[in-house]
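Quick notes on the structure that follows.
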Amino acid sequence: MLEINNLEVVYNKVILVLRGISLTIEDGQIVAFLGSNGAGKTTLLRAITGLLDIHNGDVTKGTGSYDGKPLFGPDPDAIVRRGISHVMERRRIFADLTVEENLRSGAFTRRDAGIKDDLEAQYERFPVLGERRNRTAGYLSGGEQQMLAVARAMMARPKMLLMDEPTLGLAPRLVEEVAQVIKDLNAEGIGVLLVEQNASVALQIADHGYILETGKVVHDGPAEQLREDEDVKEFYLGVGGDGRRNYREVKHYRRRKRWLS
């Protein structure tokens with residue numbers, strides 16, 4: 001569905017943030033990207049959607065649902081029209097607009113007659129948004145704003161959804177609700193690229209996982225295998241070999257150093 005080949009991104013013409021990342025996302029998968037702060041996870045999503053310039057490499061739509069043409073190059077709105085929507089970190093809703101105005105903004109690339117029906121579909125998916133359709137979005141709770149951000153992205157009718165920290169700052173009950181939403185969307189045939197600090201949640205719902213450190217992929221595998229990997233359990237899930245929570249930074253550093261070597 002999506003191929004990334006030798007991707008490099010440079011900040012301010014000096015800082016190499018992504019260091020030759022190559023990976024393939026299969027059609028209909030949930031793929032999780034894990035890594036510490038500054039590993040390059042958000043940069044990767046922004047490069048895919050055209051929000052950052054690519055220094056080297058390319059992003060290509062695969063031969064299944066897509067047409068095999070290079071994805072990078074068009075403006076971000078052209079990438080949206082080609083089936084990829086981005087739910088950004090910290091929601092990034094339009095706080096001064098109403099819920100319905102936010103949703104309609106998600107369909108700005110469309111010129112078809114189905115927008116009204118899709119609005120109702122999102123209100124059916126998220127009933128609380130239907131109840132608050134005329135409310136100013138900035139007055140919604142954090143969980144409601146996250147639902148709005150997802151629904152707004154869905155208004156573009158994507159085949160792939162990029163989600164950056166969708167559970168950030170949410171209460172545990174809402175984290176579970178967001179995880180269920182992601183699984184439901186995937187069951188409808190939508191591929192999901194998930195950047196998530198909550199590694200436990202990410203690996204529970206993902207099919208495959210990649211671990212990024214200092215702009216490189218240092219480890220990857222099926223999510224089920226990563227959940228049982230001792231290094232992943234200790235460094236990202238905080239669970240030691242005895243099954244207890246372990247936050248000793250020295251051990252974490254040793255695991256990380258071995259991956260990067």
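Some observations on this one:
- Whichever residue in segment 1-36 is assigned to a loop (DSSP other than H, G, I, E, B) and within 18 Å of the chain's Cα centre (by Cα) and, among such residues, is surrounded by the most Cβ atoms within 10 Å (Cβ to Cβ): 35
- Checking residue 189 against (1) at pLDDT below 95; (2) at negative phi; (3) not polar (S, T, N, Q), the condition it does not meet: (2)
- Selection within segment 101-117 - closer than 18 Å to residue 83 by Cα and under 22 Å from the mean Cα position of the chain (by Cα): 103, 104, 105, 106, 107, 108, 109
- For residue 184, the requirement of being of a type outside the set (A, V, I, L, M) and buried (at least 18 other Cβ atoms within 10 Å of the Cβ) is not met.
- Of all the residues in segment 108-165, those that are among the charged types (D, E, K, R), part of a helix (DSSP H, G or I) and farther than 19 Å from residue 76 by Cβ number 8.
- Pairs meeting the criteria (first residue in segment 68-85 and closer than 19 Å to residue 57 by Cβ and basic (Lys, Arg), second residue open to solvent by 20 Å² or more (accessible area, probe 1.4 Å) and at pLDDT 55 or above, beta carbons under 8 Å, at least 6 apart or on different chains) are 69/60; 82/74.
- Test: residue in segment 98-106 that is open to solvent by less than 30 Å² (accessible area, probe 1.4 Å) and among the small types (Gly, Ala, Ser): yes
- Only a single item in (1) of a type outside the set (Asp, Glu); (2) open to solvent by less than 30 Å² (accessible area, probe 1.4 Å); (3) assigned to a helix (DSSP H, G or I) is not met by residue 204, and it is number (2).
- Single residue of segment 37-53 satisfying the filter (more than 13 Å from residue 76 (Cα to Cα) and not hydroxyl-bearing (Ser, Thr, Tyr)) that is surrounded by the fewest Cβ atoms within 10 Å (Cβ to Cβ): 37
- For beta carbons closer than 6 Å, sequence separation of 6+ or different chains, a first residue in segment 159-174 that is of a type outside the set (D, E, K, R) and a second that is in a strand (DSSP E or B), the qualifying pairs are 160/84; 160/191; 161/85; 161/192; 162/86; 162/193; 163/87; 163/194.
- Among the conditions (1) more than 15 Å from the chain's Cα centre (by Cα); (2) open to solvent by less than 50 Å² (accessible area, probe 1.4 Å), residue 190 misses just one, which is (1).
- Index of the failed condition, residue 145 passing every other in (1) farther than 14 Å from residue 92 by Cα; (2) within 20 Å of the chain's Cα centre (by Cα); (3) open to solvent by 30 Å² or more (accessible area, probe 1.4 Å); (4) in contact (Cβ under 8 Å) with a residue 40 or more places away in the chain: (1)
The values are calculated or read from the model by the stated rules, or taken from the named source; none is laboratory data. Since the structure is predicted, the reported quantities are computational estimates derived from the model, not experimental observations. As a convention, Cβ positions derive from the backbone with ideal geometry for all residues, glycine included, and neighbour counts pool all protein chains shown. Quick note on the areas: whole protein, heavy atoms, side chains included, nothing else; ligands and nucleic acids left out. Shrake-Rupley method; radii C 1.70, N 1.55, O 1.52, S 1.80 Å.
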